[in-house]
Amino acid sequence: MKLSFWTKLFDFISPRLCVICGNRLLPSQSVLCSHCMMHLPLTDHYLSPLDNPLARLFWGLFPIEKASALFFYEPKADTKELIYDLKYRGYPEIGQEMGALMARRYQKTGFFDGIDAIVPVPLTRWRQWKRGYNPSAMIAHGIREVTGLPILKKVLVRTAFHGSQTKKGVWERKENVSDVFRLVHPEQITGKHILLIDDIITTGATITACAEELCKAEGVRISVLALAQTKT
Ligand SMILES: [Zn+2]
């Protein structure tokens, strides 16, 4: 990787730190140092994107094509810091950089072949305003950077929000999401293969609710990609 003079200078003035261990990053590294990168509990979903523990969450719920998550999440593991920084502590760049990293790994495997567009799981307008960004959309930006796939941000909206979903250790609760998404521009996705993006998938209820809405448009196929899947 060729680094510009400015990258080197900014790195000297304001050193970037690994989000997991806090060690200083080299100018060529992003988000994670090589030690933490090496110890990331990567999944092997990409080896069989049609049949793996993530894809199986959705069998019988909607017609799922490919599914993958980059790593497994365990509440007590080091990766908690990465997910918390991205979701709650105001570091949108983690999403973009991890999205790009994931896309570079998966592009070689053909994971993105046949996919027409990316749809990030939306937040409510209020929550996005409060947080300043949507973590899933940031991951989508990183994926677009590598693959060139367009992001469709306006086809799906989150219309309601029932109570807190930030309870420790609980990322999504089934009863909360079944009717909160609305497909608003079906014509934009008709006949397309959509890649739904989420930051972390636990029960799969959020993705299922999104997919059910997207499938109201004709001829839509759905694949799913997330940064992490909680280990069950
Ligand atoms: Zn580290």
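So which residues in region 63-88 are farther than 21 Å from residue 210 by Cβ and part of a strand (DSSP E or B)?
Residues satisfying the conditions are 71, 72.
Table: residues versus (1) farther than 25 Å from residue 147 by Cα; (2) of a type outside the set (Phe, Trp, Tyr).
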residue	(1), (2)
38	no, yes
52	no, yes
68	no, yes
75	yes, yes
84	yes, no
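Counting residues that are surrounded by 22 or more Cβ atoms within 10 Å (Cβ to Cβ), which strands (runs of 3 or more DSSP E) fully inside region 181-232 reach at least 3? I'd like the intermediate steps shown before the answer.
Working: elements: 181-183, 193-201, 221-230.
The strands (runs of 3 or more DSSP E) meeting that bar are 193-201, 221-230.
So which residues in region 63-89 are at pLDDT below 95 and closer than 22 Å to residue 117 by Cα, if there are any at all?
Scanning region 63-89 gives a single hit, 63.
Matching residues to (1) farther than 18 Å from residue 220 by Cβ; (2) polar (S, T, N, Q); (3) in contact (Cβ under 8 Å) with a residue 12 or more places away in the chain:
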{"position": "108", "(1), (2), (3)": "yes, no, no"}
{"position": "112", "(1), (2), (3)": "no, no, yes"}
{"position": "128", "(1), (2), (3)": "yes, yes, no"}
{"position": "134", "(1), (2), (3)": "yes, yes, yes"}
{"position": "138", "(1), (2), (3)": "yes, no, yes"}
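Out of curiosity, is residue 16 surrounded by 11 or more Cβ atoms within 10 Å (Cβ to Cβ), within 30 Å of residue 90 (Cβ to Cβ) and at pLDDT 90 or above? Walk me through it before giving the result.
On the way: surrounded by 11 or more Cβ atoms within 10 Å (Cβ to Cβ): yes; within 30 Å of residue 90 (Cβ to Cβ): yes; at pLDDT 90 or above: no.
When the stated conditions are applied, residue 16 does not pass them.
So in region 19-28, with the set limited to residues that are near the ligand (Cβ under 9 Å from one of its atoms) and without any contact (Cβ under 8 Å) to a residue 40 or more places away in the chain, which one is surrounded by the most Cβ atoms within 10 Å (Cβ to Cβ)?
First pass over region 19-28, keeping only residues near the ligand (Cβ under 9 Å from one of its atoms): 19-23, 25.
Checking which are without any contact (Cβ under 8 Å) to a residue 40 or more places away in the chain leaves us with 22-23, 25.
Values: 22: 10, 23: 15, 25: 18.
Ranking the candidates gives 25 first.
Could you please find all residues in region 108-133 being assigned to a helix (DSSP H, G or I) and either modelled with pLDDT of 95 or more or touching a Gly at 6+ places or on another chain (Cβ under 9 Å) (or both)? Full working, then the answer.
First, pick out the residues of region 108-133 that are assigned to a helix (DSSP H, G or I): 125-131.
131 - this is the single residue of region 108-133 that is assigned to a helix (DSSP H, G or I) and either modelled with pLDDT of 95 or more or touching a Gly at 6+ places or on another chain (Cβ under 9 Å) (or both).
Output the residues belonging to region 32-62 that are in a loop (DSSP other than H, G, I, E, B), in contact (Cβ under 8 Å) with a residue 24 or more places away in the chain and either among the charged types (D, E, K, R) or in contact with a strand residue (DSSP E or B) (Cβ under 6 Å, 6 or more places away or on another chain) (or both). Give the steps one after another, and end with the answer.
So in region 32-62, the residues in a loop (DSSP other than H, G, I, E, B) come out as 32-33, 39-41, 43-44, 48-52, 59-62.
From what is left, the residues that are in contact (Cβ under 8 Å) with a residue 24 or more places away in the chain are 32, 39-41, 43, 49, 61-62.
If the condition is that a residue be in a loop (DSSP other than H, G, I, E, B), in contact (Cβ under 8 Å) with a residue 24 or more places away in the chain and either among the charged types (D, E, K, R) or in contact with a strand residue (DSSP E or B) (Cβ under 6 Å, 6 or more places away or on another chain) (or both), then 40, 41, 43, 49 are the ones that fit.
Please work out which residue is farthest from the ligand (Cβ to nearest atom), limiting yourself to region 30-53 and to residues that are surrounded by fewer than 16 Cβ atoms within 10 Å (Cβ to Cβ) and either within 16 Å of residue 103 (Cβ to Cβ) or at pLDDT below 90 (or both).
42
Inside region 63-84, can you point out the residues that are in contact with a helix residue (DSSP H, G or I) (Cβ under 6 Å, 6 or more places away or on another chain) and surrounded by fewer than 19 Cβ atoms within 10 Å (Cβ to Cβ)? Show your work before the answer.
Within region 63-84, the first condition is being in contact with a helix residue (DSSP H, G or I) (Cβ under 6 Å, 6 or more places away or on another chain), and the residues that meet it are 64, 67-70, 73.
Listed by number, the list is empty, since nothing qualifies.
The values are calculated or read from the model by the stated rules, or taken from the named source; none is laboratory data. Note that the coordinates shown come from a computational prediction; the quantities given were computed from them, not determined experimentally. A quick note on method: Cβ atoms are made from the backbone with ideal geometry, for glycine too, and the neighbour counts reach across all protein chains shown.
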